[in-house]
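Notes follow the structure.
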Amino acid sequence: MRVGASITVGSRFLPGYVKTFLSQHPGLEIRAQIAPTEALSSKIMANELDFALVEGVPRHPSLVSEDYMEDHLAVICPAGGPFHQGETITVEQFRAQRFLLREKGSGTREEFDRATEQAGFSIVPAWEAMSTTALVNGVIEGLGVSVLPQRLIVGAVERGLAASVKVEGLDFCRQFRIVCHKDKFLPAVARAFLEHCRDFDQNYPLPRFNGLY
């Protein structure tokens with residue numbers, strides 16, 4: 001079974017999905033590729049992947065997608081200021097910051113751009129990176145603020161290395177999606193794996209892992 005996952009899903013969820021599913025299906029081989037949503041879409045079109053779990057929206061008309069889990073992005077800033085953990089800031093304060101963001105084409109960046117465009121402004125980031133770790137460490141070092149998946153910044157916030165704040169009028173909420181080719185036949189084991197992913201949050205607690213920092 002050839003599975004793709006975007007950076008957020010691949011770093012936080014896919015290892016758990018695969019480990020628990022293989023424990024129920026010994027002998028099954030799962031090959032995984034972790035890449036940005038656009039790259040995974042191309043691999044599905046080329047029949048190099050059976051399906052992918054992504055946070056972006058596939059754009060090719062031959063690809064179909066299904067929402068399977070809700071996710072929230074968090075605004076994080078340096079622990080030393082100018083804002084404090086749990087504070088709500090204005091849009092004007094938010095816009096005035098120096099931004100460290102994921103690269104264009106990632107699901108996280110698409111959600112950030114969607115929310116800011118709906119609010120009537122756009123941001124040119126000081127940093128762009130495919131690595132969440134690089135962005136979190138940039139925030140920790142006081143280089144700017146970032147908007148990243150809530151589940152991936154919990155460790156830094158709990159350890160007091162960064163602070164999470166809210167922005168008035170901005171809602172960074174998105175869906176994780178299952179993507180496959182509209183003509184792709186998925187065998188029973190693949191359909192079972194996708195059902196496993198849909199129910200994972202209810203059946204298995206996510207591990208606490210702070211080793212990214």
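The values are calculated or read from the model by the stated rules, or taken from the named source; none is laboratory data. Source: prediction; values computed, not measured. Quick reminder, even Gly has a Cβ in these numbers, built from the backbone with ideal geometry, and neighbours come from all protein chains shown. What goes into the accessible areas is simple: the full protein's heavy atoms, side chains included, and nothing from ligands, DNA or RNA. Shrake-Rupley method; radii C 1.70, N 1.55, O 1.52, S 1.80 Å.
The strands (runs of 3 or more DSSP E) falling completely within segment 1-69 that include 3 or more residues that are in contact (Cβ under 8 Å) with a residue 40 or more places away in the chain and either on the phi < 0 side of the Ramachandran plot or exposed (fewer than 14 other Cβ atoms within 10 Å of the Cβ) (or both) map to 2-5, 51-54. Taken together, the criteria place residue 145 among residues that are at pLDDT 95 or above and either closer than 22 Å to residue 115 by Cα or among the hydroxyl-bearing types (Ser, Thr, Tyr) (or both).
Taking the criterion of being open to solvent by 50 Å² or more (accessible area, probe 1.4 Å), within 16 Å of residue 84 (Cβ to Cβ) and assigned to a helix (DSSP H, G or I), the only residue of segment 147-162 that qualifies is 158. Do the conditions hold for residue 115, that is, is it at pLDDT below 95, touching a Cys at 6+ places or on another chain (Cβ under 9 Å) and either over 22 Å from residue 52 (Cα atoms) or assigned to a strand (DSSP E or B) (or both)? The answer is yes for residue 115. Considering only residues that are open to solvent by 70 Å² or more (accessible area, probe 1.4 Å) and in a loop (DSSP other than H, G, I, E, B), look in segment 163-204 and name the one that is nearest to residue 1 (Cα to Cα). Filtering first and then ranking leaves 185. Within segment 87-130, being within 25 Å of residue 178 (Cα to Cα), open to solvent by 50 Å² or more (accessible area, probe 1.4 Å) and in contact (Cβ under 8 Å) with a residue 24 or more places away in the chain holds for 104, 130.
Is it the case that some residue within segment 132-141 is in contact with a strand residue (DSSP E or B) (Cβ under 9 Å, 6 or more places away or on another chain), open to solvent by less than 10 Å² (accessible area, probe 1.4 Å), within 20 Å of residue 38 (Cβ to Cβ) and not hydroxyl-bearing (Ser, Thr, Tyr)? So far as segment 132-141 goes, yes, one or more of its residues are in contact with a strand residue (DSSP E or B) (Cβ under 9 Å, 6 or more places away or on another chain), open to solvent by less than 10 Å² (accessible area, probe 1.4 Å), within 20 Å of residue 38 (Cβ to Cβ) and not hydroxyl-bearing (Ser, Thr, Tyr). For segment 70-86, filtered to residues that are in contact with a helix residue (DSSP H, G or I) (Cβ under 8 Å, 6 or more places away or on another chain) and in a strand (DSSP E or B), the residue that is most open to solvent (accessible area, probe 1.4 Å) is 72.
Table: residues versus (1) closer than 30 Å to residue 143 by Cβ; (2) not aliphatic (A, V, I, L, M).
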{"residue": "18", "(1), (2)": "no, no"}
{"residue": "25", "(1), (2)": "no, yes"}
{"residue": "41", "(1), (2)": "no, yes"}
{"residue": "53", "(1), (2)": "no, no"}
{"residue": "59", "(1), (2)": "no, yes"}
{"residue": "63", "(1), (2)": "no, no"}
{"residue": "81", "(1), (2)": "yes, yes"}
{"residue": "99", "(1), (2)": "yes, yes"}
{"residue": "106", "(1), (2)": "yes, yes"}
